[in-house]
1. Scan the range 78-111 for residues that are free of Cβ contacts under 8 Å to residues at least 40 places away in the same chain, within 16 Å of the chain's Cα centre (by Cα) and within 14 Å of residue 50 (Cβ to Cβ) and jot them down.
2. Looking at (1) loosely packed, with under 14 Cβ neighbours inside 10 Å; (2) over 16 Å from residue 53 (Cβ atoms), find the lone condition where residue 119 falls short.
3. What are the pairs with Cβ atoms under 7 angstrom where one residue, in the range 112-136, is in contact (Cβ under 8 Å) with a residue 24 or more places away in the chain and the other, located anywhere, is in a helix (DSSP H, G or I)? Sequence gap at least six, or different chains.
4. For residue 50, all conditions in the list (1) on the phi < 0 side of the Ramachandran plot; (2) exposed (fewer than 13 other Cβ atoms within 10 Å of the Cβ); (3) in contact with a strand residue (DSSP E or B) (Cβ under 9 Å, 6 or more places away or on another chain) hold save one; what is the number of the exception?
5. Quick test of your reading of the structure: residue 2 fulfils all but one of (1) at pLDDT below 85; (2) closer than 17 Å to residue 155 by Cα. Name the failing condition by number.
6. Quick one: how many residues across the range 122-160 are farther than 17 Å from residue 61 by Cβ and either crowded, with 17+ Cβ neighbours inside 10 Å or touching a helix residue (DSSP H, G or I) at 6+ places or on another chain (Cβ under 6 Å) (or both)?
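The values are calculated or read from the model by the stated rules, or taken from the named source; none is laboratory data. Bear in mind that the values here come from a model prediction, so they are computed numbers and not experimental data. Positions of Cβ are backbone-derived with ideal geometry, glycine not excepted, and every protein chain shown enters the neighbour counts.
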């Protein structure tokens, strides 16, 4: 009886796979017209203001990836963005500074606007907690309406 049940299970099991193997793949295409008149954006694409780079730099804005941190010297977190549209756009910036252990972090959010067809760097002072020294990961993100879902850049700096 057990052999009969096992045989039936195998026969019907392989019969299903044989049926699937014999099928032809049919692709259906439907023409919906031109998309140039549709008001919308693709969510996974970059927005009108992409983030190009992020860095930690001196007061002049020169990026550094290896910093000797003397007491009293000012350092800044900077992010470079570009407006690819033909109008002024308002957006939000987010700086996320993670310390070497990954558990400690500093987050700062600010609102900005950028003129049409312009490249802009925004810098804010580095928090005093960088005096801990070590490896830091800085992530800058542009967000807001029409800015895309993955509009961020990351850099690392070693502070000693």
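1. 82
2. Only one criterion is unmet by residue 119, namely (2).
3. Taking only residues 6 or more apart or on different chains, the pairs are 136/130.
4. Result: residue 50 passes all but (2).
5. So the condition that residue 2 fails would be (2).
6. Residues that pass the stated criteria total 12.
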